[in-house]
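Asks: Handing you a structure now.
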Amino acid sequence: MELVTPLRQLVGPAMNCLADPDLFQPAAELFSDVLSNYSSFFTEEHYNTLASLFESPWAAEHYQRLLHGNHHEDGISFGLLMLAYGDAKVQDLMHGTDARSQGFLEKLTGLLAADGYLVADDTVFVPALEFWSTFIETMVDNIYSDEEDTESWKPLAERHLKAVILNSWRKIQWPPAEVFAEWDSTERTAFNDARKDVSDMLQSVFTLEGSSLVSFFADLFLRVLPTQNWAELEAAAFCLGALADCISEDARNDHVLSNVFSSPFFQLLGQAHGPIPLRLRQTGLALIEKYCEYFERNAQYLPDALNLLFGALGDPVLGGPCARSISTLCSSCRSILTGEAGAFINHYKTIRGSQVLDSLAEERIVQSIASIVQAIKEEGHRLDMFEELYNFLKKDFELAIQLQAQPNILNLSHPDFLRGLETPHPPAVPSAEEIALHIALRSLRCLASMAKGMQDVKEHPIDLDSEPAPHDPNSRLSRLQADIMRVLAGVQSAFGASGEAVEIICNIFRAGFSETEPGPFVFHPDVVTDYFVQQRYETPRIGTLLSTVCSYVGSLYRGPKALVPPQLTRLLPWVISIIQGMPGRSSL
């Protein structure tokens with residue numbers, strides 16, 4: 001404390017340095033640092049002097065230069081000085097209804113509207129947004145304080161928030177493609193990060209404004225749509241997506257969202273060669289996924305939304321995100337979509353036959369359709385749909401085994417061979433054996449995804465004393481399971497050296513271990529046991545096999561039973577033999 005008073009006497013001379021062009025930048029950085037890290041150092045007199053300085057013609061000149069392109073050196077230093085002062089006095093500014101406080105806050109909203117593209121040209125936007133995020137958090141804390149009287153200052157603060165929201169919406173609009181192409185990777189990443197920061201800020205504003213914020217962006221979206229200003233429309237759609245976590249589970253906003261999702265925009269979005277640019281297509285399709293709960297409540301829009309997503313799967317850029325959105329919607333709304341299972345299988349058939357589909361996207365599509373099939377109540381129809389989907393994968397398994405045996409059948413122009421692979425160009429052309437393994441692994445992963453999709457998502461009471469249903473080898477379900485087992489055995493026989501193949505087969509088995517209801521992947525315990533006891537210690541990833549057996553044994557017990565399952569009496573000797581066969585484990 002003894003040093004503080006003499007140091008405070010230096011504030012006046014240091015402040016005079018701000019007016020010296022040669023000393024301005026270091027002086028501004030010094031004041032910004034002290035305001036940010038030791039704001040109590042300054043007295044109220046110092047703060048009043050700084051406030052007067054910001055009202056001076058000198059400050060007005062610096063401010064205008066900053067707004068109109070001077071984002072480097074002294075320009076950004078002046079902006080950061082303003083923001084540091086705002087941070088230090090955020091409570092007083094928020095509560096202040098006087099002209100000085102309101103004028104300064106208006107200048108801080110203006111920092112969000114400086115000339116130039118975000119990040120690449122405009123470097124003050126991000127720190128300005130950080131200030132306003134702090135301001136909003138402070139508002140929330142004060143408004144929800146029991147002792148706080150907000151009537152005098154809240155309307156004025158909300159007026160500034162409207163300007164913050166509007167300026168942020170304008171600033172996050174994508175630049176033209178040719179401009180964005182000139183940016184380096186750092187600038188592109190920073191631009192996307194800034195958009196995420198705006199998304200976080202809007203979620204905080206929602207705490208204060210509620211549904212009126214949703215209506216604002218929905219109205220903005222619909223107002224911009226006829227003008228075909230795609231950058232503005234994309235930014236409005238992005239902001240609507242940012243609010244999804246706040247409102248997607250609340251039906252009170254459904255009437256507003258319905259105006260958006262029933263608009264002509266989504267008809268345009270479905271046109272493969274329509275006017276909608278790629279980035280807007282990406283944001284529009286992502287909007288569907290973000291409002292999954294809305295579509296669950298408003299099933300009349302769901303089939304059209306999914307057909308739109310299926311239609312975009314063939315796009316090399318949109319395919320992956322669309323597959324993810326389809327997976328999310330189908331899993332969440334499976335019981336609503338059972339009547340569409342056949343149509344979605346036909347979509348999948350078309351995509352397989354005409355496009356090179358990304359492997360991960362294909363896995364998600366298969367899992368999505370399987371989840372709908374699982375929700376079909378009538379067993380015969382459910383198995384019909386399952387078998388129709390499964391037969392596509394079975395065809396791929398057969399192709400992989402045939403190609404392994406007959407390399408001369410390889411056709412590099414056929415999508416069944418190359419789906420999920422980049423188009424090969426000489427001299428980097430994979431061999432028939434490599435492509436055969438790729439097809440086998442691709443199909444195994446799809447079958448594992450199908451097994452996940454067929455898992456029951458409903459919770460059923462479990463009778464701990466109940467016995468498994470008797471195994472009828474002649475039932476349709478059992479015959480289907482036997483066919484799946486023959487396929488798995490055939491793939492492992494042909495590609496047994498692949499540890500990945502063994503691991504995926506284990507994942508397929510695991511999908512049925514936790515199920516309590518019959519299903520295509522809920523194999524009878526004897527069938528599962530037969531598979532494991534046929535494996536030898538030379539099998540790749542034997543550790544994964546042993547781990548899967550442990551999970552399997554646990555699934556045999558539905559409760560504290562006194563009797564040892566007969567499968568255990570076969571598995572224990574097998575486990576011992578595996579351990580004995582390992583190098584260095586000649587005896588137990």
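The values are calculated or read from the model by the stated rules, or taken from the named source; none is laboratory data. All values derive from a computational prediction rather than experimental measurement. Cβ atoms come from the backbone with ideal geometry, glycine included; neighbour counts cover every protein chain shown. Note: areas computed on protein heavy atoms with side chains; ligands, DNA, RNA excluded. Shrake-Rupley method; radii C 1.70, N 1.55, O 1.52, S 1.80 Å.
Asks: What is the number of the single condition among (1) surrounded by 20 or more Cβ atoms within 10 Å (Cβ to Cβ); (2) aromatic (Phe, Trp, Tyr); (3) in contact with a Pro (Cβ under 7 Å, 6 or more places away or on another chain) that Tyr117 does not meet?
Replies: The number of the failed condition is (1).
Asks: Next question, about the same structure. Check whether at least one residue in region 94-110 is of a type in the set (Val, Ile, Thr) and within 25 Å of Lys162 (Cα to Cα), and report yes or no.
Replies: Within region 94-110, one or more residues are of a type in the set (Val, Ile, Thr) and within 25 Å of Lys162 (Cα to Cα).
Asks: While we're here: Considering only region 34-58, how many residues are free of Cβ contacts under 8 Å to residues at least 24 places away in the same chain and either within 14 Å of Val11 (Cβ to Cβ) or in a helix (DSSP H, G or I) (or both)?
Replies: Let us first name the residues in region 34-58 that are free of Cβ contacts under 8 Å to residues at least 24 places away in the same chain, namely 34, 37-38, 40, 44-45, 48, 52, 56-57.
Then keep just the ones that are either within 14 Å of Val11 (Cβ to Cβ) or in a helix (DSSP H, G or I) (or both); that gives 34, 37-38, 40, 44-45, 48, 52, 57.
Of the residues in that region, 9 qualify.
Asks: Something else about it: Find the residue count for region 71-86, including only residues that are part of a loop (DSSP other than H, G, I, E, B) and either of a type in the set (Lys, Arg) or crowded, with 19+ Cβ neighbours inside 10 Å (or both).
Replies: The total comes to 1.
Asks: I'm told Asn253 meets every condition in (1) part of a helix (DSSP H, G or I); (2) open to solvent by 10 Å² or more (accessible area, probe 1.4 Å); (3) at pLDDT below 95 except one. Can you identify the failing condition by its number?
Replies: Checking Asn253 against (1) part of a helix (DSSP H, G or I); (2) open to solvent by 10 Å² or more (accessible area, probe 1.4 Å); (3) at pLDDT below 95, the one that fails is (2).
Asks: Hey, which of the helices (runs of 4 or more DSSP H) in region 292-364, taking only ones fully inside, have at least 1 residues that are among the aromatic types (Phe, Trp, Tyr), more than 17 Å from the chain's Cα centre (by Cα) and closer than 23 Å to Met454 by Cα? Steps first, please.
Replies: Values: elements: 292-297, 302-311, 319-332, 341-354.
Ranges flagged: 292-297, 302-311, 341-354.
Asks: What number goes with the only condition from (1) within 20 Å of Phe386 (Cβ to Cβ); (2) in a helix (DSSP H, G or I); (3) open to solvent by 20 Å² or more (accessible area, probe 1.4 Å); (4) without any contact (Cβ under 8 Å) to a residue 60 or more places away in the chain that Phe509 does not pass?
Replies: It fails just one condition, (3).
Asks: Further, regarding this structure: Name the residue that is modelled with the lowest pLDDT, counting only residues in region 396-420 that are open to solvent by less than 50 Å² (accessible area, probe 1.4 Å) and within 17 Å of Leu447 (Cα to Cα).
Replies: That would be Gly420.
Asks: Among (1) open to solvent by 60 Å² or more (accessible area, probe 1.4 Å); (2) part of a loop (DSSP other than H, G, I, E, B); (3) of a type outside the set (S, T, N, Q); (4) touching a Ser or Thr at 6+ places or on another chain (Cβ under 9 Å), where does His381 come up short?
Replies: (2)
Asks: Out of all the residues in region 27-46, which are of a type outside the set (Gly, Ala, Ser) and either under 15 Å from Ala59 (Cβ atoms) or loosely packed, with under 12 Cβ neighbours inside 10 Å (or both)?
Replies: Phe31, Asn37, Tyr38, Thr43, Glu44, Glu45
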